[in-house]
1. Considering each residue of the range 47-90, count those that are closer than 21 Å to Lys101 by Cβ and open to solvent by 80 Å² or more (accessible area, probe 1.4 Å), and give that number.
2. Select from the range 1-31 the residues that are polar (S, T, N, Q) and either touching a residue at least 60 places away in the same chain (Cβ under 8 Å) or not in a loop (DSSP other than H, G, I, E, B) (or both) and write down the one among them that is surrounded by the most Cβ atoms within 10 Å (Cβ to Cβ).
Amino acid sequence: LVRGRFTPKPVMLTPKAQEMLMKTRKAILEEIPRESVRFSARLEDRAIRFACAASLLSYFQSDLDYIPISEEALKYAIQLYVEEASVRSREEFAPELVLGKLSIG
């Protein structure tokens with residue numbers, strides 16, 4: 001019933017979101033005491049997908065032809081990324097430390 005009523009709007013991965021993900025990755029790797037990690041890069045991909053999906057809620061709030069990743073969606077995606085990385089690395093680091101470094105949480 002709604003097909004064709006709404007124009008497609010892709011979610012845009014903003015430079016700010018990319019920078020925040022890079023800072024998060026670096027902060028996580030600094031906290032892991034070993035050189036090898038027990039989680040894959042797919043975890044970061046899932047965080048990005050989560051942020052994009054959560055940003056879809058702002059479809060109607062903008063007149064732009066795209067949807068930028070919202071601050072709130074990015075915050076929750078970063079939390080998900082850090083906490084999941086901690087669990088998958090068998091809690092070799094406390095997520096609170098990384099989130100504190102990033103001023104999140």
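The values are calculated or read from the model by the stated rules, or taken from the named source; none is laboratory data. Being a predicted model, the structure only gives us computed values, none of them experimental. Don't worry about glycine lacking a Cβ; one is built from the backbone with ideal geometry, like all the others, and counts go over all protein chains shown. The accessibility values were calculated without ligands, DNA or RNA, using every heavy atom of the protein model including side chains. Shrake-Rupley method; radii C 1.70, N 1.55, O 1.52, S 1.80 Å.
1. 9
2. Residues of the range 1-31 that are polar (S, T, N, Q), as a first pass: 7, 14, 18, 24.
Right, trim to either touching a residue at least 60 places away in the same chain (Cβ under 8 Å) or not in a loop (DSSP other than H, G, I, E, B) (or both) and you get 18, 24.
Numbers: Gln18: 12, Thr24: 24.
Ranking the candidates gives Thr24 first.
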